[in-house]
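Peer 1: Structure provided below as structure tokens; questions to follow.
The values are calculated or read from the model by the stated rules, or taken from the named source; none is laboratory data. Keep in mind the model is a prediction, meaning the values are calculated, not measured. Cβ placement follows ideal geometry from the backbone for every residue including glycine, while neighbour counts extend to all protein chains displayed. Keep in mind that these areas ignore ligands, DNA and RNA; they rest on the heavy atoms of the full protein, side chains included. Shrake-Rupley method; radii C 1.70, N 1.55, O 1.52, S 1.80 Å.
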Amino acid sequence: MLKTRYVAATIGLLIMIFIAVLFFLPNLQVEKATKGNTYTESVFDQSKVTTVDITLADEDLDSILDNPSEKEIVNAAVTIDGETVKNVGFRTKGNLSLNSVVQMGDSDRYSWKIDFDYYQEDQDLHGLKKLALNNNYSDPTYMREYLSYELMDKMGIATPGHSYMYVTINGKEWGLYLGVEAIEETFLNTNFTDGTGDLYYPDGTGSDLKWISEDIDDYTGLNLKTNDHSDQSAMIKMLDSINNGGNVEEVLDVDEMLRYFAANTALVNLDHYQGDKKHNYYLYEENGVFSILPWDYNMSFGGYSGGGGRRTGASDQNDGTAAEGNEDAAKQDDTEILGEAPNMNGGGMMDMSSNFMNESNINFSITEPVSGTTLEDRPLLNALLSNDGYREKYYDYLDDIATDFFAEENMTAMTTEIS
């Protein structure tokens, strides 16, 4: 009898444990699966303008404003929609835009960078480690960068979180900004299967991706951002393939890059790999295959005129410009292709609004989509467009963008909602 009671009690206990496991385990799994990834909705809520209140010592703020180009990092507390994170790194950000605001003399509306994990490695905001607050430099519409990221996202490109944010610093209103997620480990883990590959931010020697040698040290401008101890052999293999006739499908996510370059071309974004500066993009390698990632679109929609269109020596034929039938515009020399020079406003800030609808932007070539350089000097793009099949697919993506994203009805709806 005692034995029977013992067996019954044991069975009852096992049933209770089983029920408890069924009840609690799914909750634990959901928590594990979503922890660290909710910032895409909670921080970058595109249905509203998020409030960002930054508090720091007055002397630290004075030091930053006295020497903004130094990008001095100071300790601050940041409150986003009422949720405060203390002990974060805070500094100015930017290059051209930063220096231009410095030169104005009557403005302190710099772009800012917030590092939630600068002082505490394990600190974040719903998984977000770093946040950029972009001042929409030279953009009277405040929409260029937002719309550009929206197009990239629509084209299936891994795109940083982005939404509008209203910023105050020590109680003073600093104005409307675009908050943008930094491209680093958290972004990679959110957007890629593995997320532990090599991430590069090219800017400088080698950022055109032209072949120099088999020694990675010769490419000083490739700037590896993750995996400090990587031998970077995948990068050398990719450079060899696009420059020296290798199988690009072994080293590139070809379809992703065709979608990316179609979008970037449609946006006439020339402060980029396709322009004379050959920067403002990321390359990410996973299992030997490279993707290209979008970054810094405040000069899109023809906002950057540097480089003067196609360099002398590029084809002059008008076979595929964005608006057909303008042969005279396509045959202009570099000076004419540059179009109207940007106006200087306030001692340094360039007003690019006059460039939105000039002919050189409207008729930007889709067959040779470069500015201030040649297609041959941009081997990544050249390797793709030299293949007839890839080129046709690129044209198809451009057609989709023109008839869908840039359709009047869609653009009217988007810009009205943003406004």
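Peer 1: Check region 251-259 and report whether any residue there is open to solvent by less than 40 Å² (accessible area, probe 1.4 Å), part of a loop (DSSP other than H, G, I, E, B) and at pLDDT 95 or above.
Peer 2: yes
Peer 1: State the number of residues belonging to region 152-167 that are among the charged types (D, E, K, R) and either over 14 Å from residue 191 (Cβ atoms) or assigned to a loop (DSSP other than H, G, I, E, B) (or both).
Peer 2: 1
Peer 1: Sticking with this one: Tally time: how many residues in region 263-302 are part of a strand (DSSP E or B) and within 15 Å of the chain's Cα centre (by Cα)? Before you say what the answer is, go through the steps one by one.
Peer 2: Step one: of region 263-302, the residues part of a strand (DSSP E or B) are 281-286, 289-294.
Add one more test, that the residue is within 15 Å of the chain's Cα centre (by Cα), and what stays is 281-284, 291-294.
So the answer is 8.
Peer 1: Let me ask another. Give the residues of region 382-419 that are of a type in the set (Gly, Ala, Ser) and under 30 Å from residue 165 (Cα atoms), sorted by residue number.
Peer 2: 402, 407, 413, 419
Peer 1: Need at least 2 residues that are at pLDDT 95 or above, in contact with a Phe, Trp or Tyr (Cβ under 8 Å, 6 or more places away or on another chain) and open to solvent by less than 40 Å² (accessible area, probe 1.4 Å) per element, so show me which helices (runs of 4 or more DSSP H) inside region 327-406 make the cut, counting only ones lying wholly within it.
Peer 2: Details: elements: 327-330, 334-338, 359-362, 379-385, 388-400.
Once the helices (runs of 4 or more DSSP H) in region 327-406 are filtered for at least 2 residues that are at pLDDT 95 or above, in contact with a Phe, Trp or Tyr (Cβ under 8 Å, 6 or more places away or on another chain) and open to solvent by less than 40 Å² (accessible area, probe 1.4 Å), what remains is 379-385.
Peer 1: Among the residues of region 210-248 satisfying the criterion of being part of a loop (DSSP other than H, G, I, E, B) and touching a Pro at 6+ places or on another chain (Cβ under 8 Å), which is surrounded by the most Cβ atoms within 10 Å (Cβ to Cβ)?
Peer 2: 222
Peer 1: Which condition number in (1) at pLDDT 95 or above; (2) open to solvent by less than 40 Å² (accessible area, probe 1.4 Å) is the one that residue 271 fails?
Peer 2: Tallying (1) at pLDDT 95 or above; (2) open to solvent by less than 40 Å² (accessible area, probe 1.4 Å), residue 271 fails exactly one: (1).
Peer 1: Within the bounds of region 54-63, is there any residue that is under 24 Å from the mean Cα position of the chain (by Cα) and modelled with pLDDT of 95 or more?
Peer 2: Looking through region 54-63, at least one residue is under 24 Å from the mean Cα position of the chain (by Cα) and modelled with pLDDT of 95 or more.
Peer 1: Only one of 193, 205 is farther than 30 Å from residue 65 by Cα, modelled with pLDDT under 95 and exposed (fewer than 15 other Cβ atoms within 10 Å of the Cβ); which? Talk me through it step by step, then tell me what you get.
Peer 2: Values: 205 fails: modelled with pLDDT under 95.
Exactly one residue qualifies, and that residue is 193.
Peer 1: Follow-up. Among the residues in region 110-125, are any of a type outside the set (Val, Ile, Thr), surrounded by fewer than 21 Cβ atoms within 10 Å (Cβ to Cβ) and at pLDDT below 95?
Peer 2: Checked against the condition, which is being of a type outside the set (Val, Ile, Thr), surrounded by fewer than 21 Cβ atoms within 10 Å (Cβ to Cβ) and at pLDDT below 95, region 110-125 yields at least one hit.
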